[in-house]
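All remarks here apply to the structure that follows.
The values are calculated or read from the model by the stated rules, or taken from the named source; none is laboratory data. Since the model is a prediction, treat every value here as computed from it, not as a measurement. Reconstructed Cβ throughout: ideal geometry from the backbone, glycine too, with neighbour counts over all protein chains shown.
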Amino acid sequence: MARTVRAALLQAEWTGDKESMIEKHEKYAREAAKQGAKVMCFQELFYGPYFCQVQDPQYFSYTEHIPDGPTTKRMQELAKETGMVLIVPMYEEDEHAQGIYYNTAAVIDADGTYLGKYRKTHIPQVKGFWEKFYFRPGNTGYPVFDTAVGKVGVYICYDRHFPEGARALGLNGAEMVFIPSATSRGLSEYLWRIEQVSHAVANGYYVGTINRVGIEPLGDNDFYGQSYFADPRGQFVGDVGDAHEEELIVRDLDLDKVTEVRQLWQFYRDRRPDAYDDLVRP
């Protein structure tokens, strides 16, 4: 029997405040569920603006604890209501250390159970992406979550430039990897349709990747959308999202293709970890 999962991504514009942004995502999640989606990923730092365009401590106020914060609890209720697995990127304050912040995604199962979190590992610090001001590098490793729709991994934005973590997710058993992002036109747009597709090919899994849309008031970054799913052969599943407009993207993913491609291209069998020591030296 075929394992087909209907999955959803949302590329959204900033509304101007946290509550209306959460409400927008709740509305689209319900719409995705009506269309039959069983798993959905929101964009990076979903309930806020991309405040890393500036360095200002006022934006520390967007932090919450995960899973004990109000938005995680609200998303657990939404997952239970819609029957969808949710990948929810948020700005996290460490529950054990005040003032320690992470760029994090919570993973919630279709029955509302909180399964765990992934903290963004690679943190940029360049003009318009002043992320080291806001985030400590993640310390979760590369967890893969056993969800109602299959084995799900998460990688976040700048992480996608680093193939090592993408490989670790595959080695840890991921069938689907979601990569929420906030990426602006001109800086890395030419890489957008190459890198995540390459992760899918090299590791034999599906990738669902999101980028914001619109120009936000904190800076002149023009977020270019073009969210998409790529299959384990590196082919787009349906159309790529619009380059300017908000869009809900719903696609069917044939998870049997993961096994098919991994048995055809024996990249895991033919790895030579004994020859890679130099790769992990500083």
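Please identify the pairs in which a residue from the range 237-250 that is more than 20 Å from residue 38 (Cβ to Cβ) has its Cβ atom under 7 Å from the Cβ atom of a residue that is modelled with pLDDT of 95 or more and polar (S, T, N, Q), counting only partners at least 6 apart or on another chain.
Cβ pairs passing all conditions: 240/226; 243/226; 246/11.
Can you confirm whether the range 61-68 contains a residue that is closer than 21 Å to residue 148 by Cα, hydroxyl-bearing (Ser, Thr, Tyr) and surrounded by fewer than 19 Cβ atoms within 10 Å (Cβ to Cβ)?
no
Hey, among the residues in the range 164-197 that are among the hydroxyl-bearing types (Ser, Thr, Tyr) and either in a loop (DSSP other than H, G, I, E, B) or more than 29 Å from residue 219 (Cα to Cα) (or both), which one's modelled with the highest pLDDT?
183
Please determine, by comparing only the residues of the range 101-131 that are charged (D, E, K, R), closer than 27 Å to residue 5 by Cα and in contact with a strand residue (DSSP E or B) (Cβ under 7 Å, 6 or more places away or on another chain), which one is surrounded by the most Cβ atoms within 10 Å (Cβ to Cβ).
Only one residue tops the list, namely 120.
Each row is one residue, and each column tells you yes or no for (1) surrounded by 15 or more Cβ atoms within 10 Å (Cβ to Cβ); (2) in contact with a helix residue (DSSP H, G or I) (Cβ under 8 Å, 6 or more places away or on another chain).
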| position | (1), (2) |
| --- | --- |
| 173 | no, no |
| 180 | yes, yes |
| 183 | yes, yes |
| 195 | yes, yes |
| 201 | yes, no |
| 212 | yes, no |
| 253 | yes, no |
| 269 | no, no |
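If I ask for residues that are over 19 Å from residue 128 (Cβ atoms) and out of contact with any strand residue (DSSP E or B) (no Cβ under 8 Å at 6 or more places or on another chain), which ones from the range 41-68 would you list?
Across the range 41-68, the qualifying residues are 61, 68.
From (1) in contact with a strand residue (DSSP E or B) (Cβ under 7 Å, 6 or more places away or on another chain); (2) part of a strand (DSSP E or B); (3) surrounded by fewer than 15 Cβ atoms within 10 Å (Cβ to Cβ), pick out the condition that doesn't hold for residue 146.
The failed condition is (1).
So, in the range 2-31, of the ones that are among the hydrophobic types (A, V, I, L, M, F, W, C) and either touching a residue at least 60 places away in the same chain (Cβ under 8 Å) or touching a His at 6+ places or on another chain (Cβ under 9 Å) (or both), which residue ends up surrounded by the most Cβ atoms within 10 Å (Cβ to Cβ)?
9
Out of the range 161-210, which residues are among the small types (Gly, Ala, Ser) and touching a Leu at 6+ places or on another chain (Cβ under 8 Å)?
Result: 182, 208.
Output the strands (runs of 3 or more DSSP E) that fall wholly within the range 198-276 and possess 3 or more residues being under 21 Å from residue 150 (Cβ atoms) and hydrophobic (A, V, I, L, M, F, W, C), or say none.
Correct list: 247-254.
For the range 172-212, what are the residues that are under 19 Å from residue 88 (Cβ atoms) and aliphatic (A, V, I, L, M)?
174, 176, 177, 179, 182, 207, 210
Filter the range 202-236 down to residues that are without any contact (Cβ under 8 Å) to a residue 40 or more places away in the chain and aliphatic (A, V, I, L, M) and give me whichever is farthest from residue 130 (Cα to Cα).
This residue is 230.
Is it the case that some residue within the range 32-46 is touching a Cys at 6+ places or on another chain (Cβ under 9 Å), among the small types (Gly, Ala, Ser), in contact (Cβ under 8 Å) with a residue 24 or more places away in the chain and surrounded by 18 or more Cβ atoms within 10 Å (Cβ to Cβ)?
No, that holds for no residue.
If residue 260 satisfies all but one of (1) among the acidic types (Asp, Glu); (2) over 30 Å from residue 25 (Cα atoms); (3) exposed (fewer than 12 other Cβ atoms within 10 Å of the Cβ), what's the number of the condition it fails?
(3)
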